[in-house]
Structures are given as structure tokens and as C-alpha cells.
There are 2 protein chains.
Amino acid sequence: MELGPGDDAAIVRAPGGRVVATTDLLVEGRHFRRDWSPPYDIGRKAAAQNLADVVAMGARPTALLIGFGAPPGTAVDWVDALCDGLRDECAQVEAGVAGGDIVRAEAVVLAVTALGALDGPAITRSGARPGDVVAVAGRLGHAEAGVELLSAGLREPADLIDAHRRPRPPYATALRAREFGATAMLDVSDGLVQDLGHIAESAGVRIEIDGAAVPVPPVPDGLRLALTGGEDHAFAATFPEGAELPAEWRTIGRVVDGPAEVLVDGRPYRGGGWDHFRLP
Amino acid sequence: MELGPGDDAAIVRAPGGRVVATTDLLVEGRHFRRDWSPPYDIGRKAAAQNLADVVAMGARPTALLIGFGAPPGTAVDWVDALCDGLRDECAQVEAGVAGGDIVRAEAVVLAVTALGALDGPAITRSGARPGDVVAVAGRLGHAEAGVELLSAGLREPADLIDAHRRPRPPYATALRAREFGATAMLDVSDGLVQDLGHIAESAGVRIEIDGAAVPVPPVPDGLRLALTGGEDHAFAATFPEGAELPAEWRTIGRVVDGPAEVLVDGRPYRGGGWDHFRLP
């Protein structure tokens, strides 16, 4: 960035003359729990979910802006660790924290805005075409498995708990998706079926998923979690048939002519997904 | 904008290859009260304070991103009116709402990010030079007078109550500040003396204010309110001596060599200003 915190606004470079921008509001008790996650991980995750949105547009993240609300008694150490997490996640994609606002609030509230630069055409949700393959990069259902374990009072297996605390979006391979010919892309934040539904609706196509091809977490009910669990911030994309994809991408289905819907093994999947207004 | 809500992120034009970005987090009970302001005005004000930050950089606002948290029982009409307010304020400067996020929260929380395009050099806080004049455009102390009336249980005079509910930053003349030669600019959000202090510190200059030249609200303690009250989002700027300023700008002082401080009638002013972490 050209100018960081300390003026009325930050100045961020936007080389292609366009900027990609996305915002999320995270509320304590709903999007994170201080008894489930250390502040560093809360910061990592808050940054990750917005950076993943930028990358899913085919853009390169450049900067985060943070709005932070906290009760007056919040420990400075806690806030410092959160900021470290935000910065370290930004460093994964060579972005930086450009500015922010800090206010008093009843609960911890974190508003994260991510900006990105477009070096070429955007990869939107509407570009999927019949004949394309559907592929995913990254973990599915792991974060949700972690939430279910934590909700049951468990603290292991550690890798599933960690998956909830700190998603690991495969930024590098997603940043190359345009090279591989991606026609549509998004990050899986609400659940694979629900999110692919956004591509189906935007592009006016049917998406057929092969359940056996979907990578699942190592738990008994793995496929359900992989199809409906959000927050791993895997990337799901469509590519022309025959596209040569690196090993990080796993082909799980195809795009066909038909009504805008997602079928799993030939049937609509009614397992649910994240509802932004559901009660916990 | 090129692409609005509905994808992973919005795409906003940034013609000069740079984007100005700023974010504010507004919390019910602290930054606004639902019993003091109708939702339309809360929206207008939330947009205004961010658009004013963008304009104060010498940039043209292009888009807002909104993070909105509310209790589940919040009436849809209330939210609609808030959004109308956000949009109508954006329309004042030909910007639009590019996207957002809506979540459940205990209290109403509003995270507003504003983006802007730079058609020339930014007007930062550090550009003030000894010899410059200091001028303000817009109202000072009116919003704070309104807060004091509301706090005392009063509902008039209406123009002061309205000043609290809905600031009227003089966007048009501030958007032309570069033409008039502005060397530094900001919007007065925390109080004139405190905010001019930011220019004094950034530029390493002393600012001398002539109390008799400061426009004051029509209340007994007008000068105190004009010097310390925030939230009118007037613009304060420095211009080279002799600059021909339109009538909206009122010269109130000058920039001189000296330690980084603000003097009012030759003395430091100890009246206070907005503290982002004070208890109400």
C-alpha cells in the first residue's frame, strides 16, 4: 500500500484500475468463541475468510481494513495476539493491514474488509459452462467436524479442532486458477452443496457431484460434513473438460445443461448448510 | 462499480490505479441510539462519516461495503429504512453500495467501509506548511449541541437535533479543495482542536486558531462546542496564503513554525474531544 493507518483513509494500489472488495462482520459467540479459540487463531481465521473471497474472484489480495469492537476490560495482550494473527495470515498472500477503527462494544466484534487487485478478468460465479468439470482444492468438512467435537466438549483429534480454529485456504493454487482455465470459482464458506448452488444459479446450469469423489474428513459422518460444513475455505471451481489441473485440485463432478440445481449422486441433497440468521 | 453484491466480492473501478479505503465500526448505544435517531438517519450518518473520510483524502467516493449485525427480532422495515439512508447519502456523491454481510448480533452493529478513486495526488494530513491559512467548510459543534439537548431529554431546537441525526458534510466544495490549492485536509469527526492536532503532528507545524473567526452553533456555549464537538463532519484544510476560497470556506487561523500543537487565541485549548474508548 502507499499510505497505511494514520490518515483519514488508506491508499492501496490497484494496478489494473479495478479493485476487488469484500467485507465480513464477525461477532463473538456466533462466529468465534474465546473459550474455543486463542486470539491469534481468531485473527488468522478472520483474515483467511476474507482473503479467500478475494482470491476466489481471481484477484490478488492487497490489503485488509479492520473494524474492532471490544469491551473496555479486554486485555491488550489479547488484542495484540489477534492483530498478530491478522497480519500473519495476510503475509501468506503478501497483503498487509492498511487501517482500521477501534471502538468500545459489549462483545468482541470484528469487521474485516479485504481489497484485491485484478491482473486479468475476474473469475465470477456465472462463468460455469455445460461440459466443465467441477474441482475442489483444500479441505472440506474438517472445520465443521471440529465444531461438532468442541460442541460435545471434546478437544481432539487436534487436527480437526485446529481446522475449526485456523482454516488453511490453498491460496497459492487458487491464485493460479485462471492459468488452469477456471471458468467460475468461489471459496466454500457455507457448505459445498450450498455454495455450488450459487454457481448453478448464477450460471444457469446444473451441477452433478459424485459423492465418492468428494474428499471427506476422517470421521464416521464424513460425507455429510464435506457436503454441508463451511469454514474450511476450500476453493471450488469449474474448468473446461480436459484441463490439466495440479494435484491440489480434485475433480468431484461436472456441469451439465439443466435447471439451476446441485445433485449429489443424481439426487438433490437436503443436508443443510450455514444459515446466516439461524439461531445457534 | 462493475460487479455489485452477489459474488465472493465486489469489483469497483479505480481509474488512477490507486484506491482510497477507510472503515468505521458503529455500535448501538455508543455511536447511535435507536430512541434518538430513526433508521434512515442512522444510515445517512453512517455513510456520511465514511464518505467524508474519503473526500478528505482528495478522492472521489465510489462505493460502500456494509457489514450489518442485528438481533433476530429486528423489523425488516427498520433495516430497509437504514439501507435507504445509506444509499441516499451515497447518491450525494454518486457512489453506490457495492456489497455487504448480514449477521445476527446482540445489538445493532454497522461496519462501513468506503472506497474512493484518486484522480490526482492525495491530500494527506502532512502537507500543511508554515504560512498556510487554516479554513473550515461546514458546521462545527452543531451535532454535539444536539447530543447535549437529547441527553437533557429535549427534542428542540430541531436544527440542532437534526445536526446530530444527520450530518451534512459539504462534499461538493471539499471535492474541489485540490483546485483551491489545499495542502492538507481532514474531516472534523473528533473535534476541531483535536483533529487539527493531527495535521499539526503529521506536518510538524503549529496551528494558531482565532477563536472569534470560528463559526459557532447558536447556543450559549457555542465556542466550546465548535472547538471540541465532533460528528458534524465539516472539512478543515490548509491552503497557501492568498488562495482564493469560495464562500463555503471560512478562514479561522494559520500555520506557523513551531512545535506540533494547536493554539486557540494564543493558548493550548484543554476542552477535550472525542475519546474512542471513553465510557459514555
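Considering each of A:A177, A:A145 in turn, give the residue that is of a type in the set (A, V, I, L, M, F, W, C) and outside any loop (DSSP other than H, G, I, E, B). Outline the logic, then answer.
Numbers: A:A177 fails: outside any loop (DSSP other than H, G, I, E, B).
When all the criteria are applied, what remains is A:A145.
Being more than 25 Å from A:R125 (Cβ to Cβ) and either outside any helix (DSSP H, G or I) or among the β-branched types (V, I, T) (or both) holds for only one residue in A:R34, A:R87, and it is A:R34.
Conditions (1) assigned by TED's automatic domain parsing to the domain that holds A:A46; (2) open to solvent by less than 10 Å² (accessible area, probe 1.4 Å); (3) at pLDDT 95 or above, marked per residue:
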position	(1), (2), (3)
A:D190	no, no, no
A:I207	no, yes, yes
A:A212	no, no, yes
A:W249	no, no, yes
A:I252	no, yes, yes
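Per-residue answers, yes or no, for (1) among the hydrophobic types (A, V, I, L, M, F, W, C); (2) more than 22 Å from A:A48 (Cα to Cα):
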| site | (1), (2) |
| --- | --- |
| A:A212 | yes, yes |
| A:P220 | no, yes |
| A:R224 | no, yes |
| A:G230 | no, no |
| A:E241 | no, yes |
| A:I252 | yes, yes |
| A:V256 | yes, yes |
| A:E261 | no, yes |
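Please find, within segment A:135-160, the residue that is least open to solvent (accessible area, probe 1.4 Å) out of those that are more than 30 Å from A:G181 (Cα to Cα), out of contact with any His (no Cβ under 7 Å at 6 or more places or on another chain) and aliphatic (A, V, I, L, M). The qualifying residue least open to solvent (accessible area, probe 1.4 Å) is A:A145.
Residues checked against (1) assigned by TED's automatic domain parsing to the domain that holds B:P170; (2) open to solvent by 20 Å² or more (accessible area, probe 1.4 Å); (3) more than 30 Å from B:T238 (Cβ to Cβ); (4) of a type in the set (A, V, I, L, M):
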residue	(1), (2), (3), (4)
B:L25	no, no, no, yes
B:S37	no, no, yes, no
B:A46	no, no, no, yes
B:N50	no, no, no, no
B:V55	no, no, no, yes
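Determine whether segment A:1-10 contains at least one residue that is closer than 30 Å to A:F180 by Cα, within 12 Å of chain B (Cβ to nearest Cβ) and either of a type outside the set (D, E, K, R) or free of Cβ contacts under 8 Å to residues at least 40 places away in the same chain (or both). Please lay out each step first, then the result.
Step one: list which residues in segment A:1-10 are closer than 30 Å to A:F180 by Cα, which gives A:1.
Pick out the ones that are also within 12 Å of chain B (Cβ to nearest Cβ) and you get A:1.
From what is left, the residues that are either of a type outside the set (D, E, K, R) or free of Cβ contacts under 8 Å to residues at least 40 places away in the same chain (or both) are A:1.
Yes, segment A:1-10 contains a residue that is closer than 30 Å to A:F180 by Cα, within 12 Å of chain B (Cβ to nearest Cβ) and either of a type outside the set (D, E, K, R) or free of Cβ contacts under 8 Å to residues at least 40 places away in the same chain (or both).
Taken over segment B:101-131, residues that are touching an Asp or Glu at 6+ places or on another chain (Cβ under 8 Å), more than 12 Å from chain A (Cβ to nearest Cβ) and either open to solvent by less than 10 Å² (accessible area, probe 1.4 Å) or small (G, A, S) (or both) amount to 1. Looking across segment B:62-83, the residues that are free of Cβ contacts under 8 Å to residues at least 60 places away in the same chain, open to solvent by less than 30 Å² (accessible area, probe 1.4 Å), at the interface with another protein chain (Cβ under 10 Å from one of its Cβ atoms) and not β-branched (V, I, T) come down to B:L64, B:L65, B:G67, B:F68, B:G69, B:A70.
The values are calculated or read from the model by the stated rules, or taken from the named source; none is laboratory data. Owing to the predicted nature of the structure, the values given are computational and were not obtained by experimental measurement. Using ideal geometry, Cβ is built from the backbone for each residue, glycine included, and neighbour counts are taken over all protein chains shown. Each accessible area value is taken on the protein alone, full model and side chains, heavy atoms only, with ligands, DNA and RNA left out. Shrake-Rupley method; radii C 1.70, N 1.55, O 1.52, S 1.80 Å.
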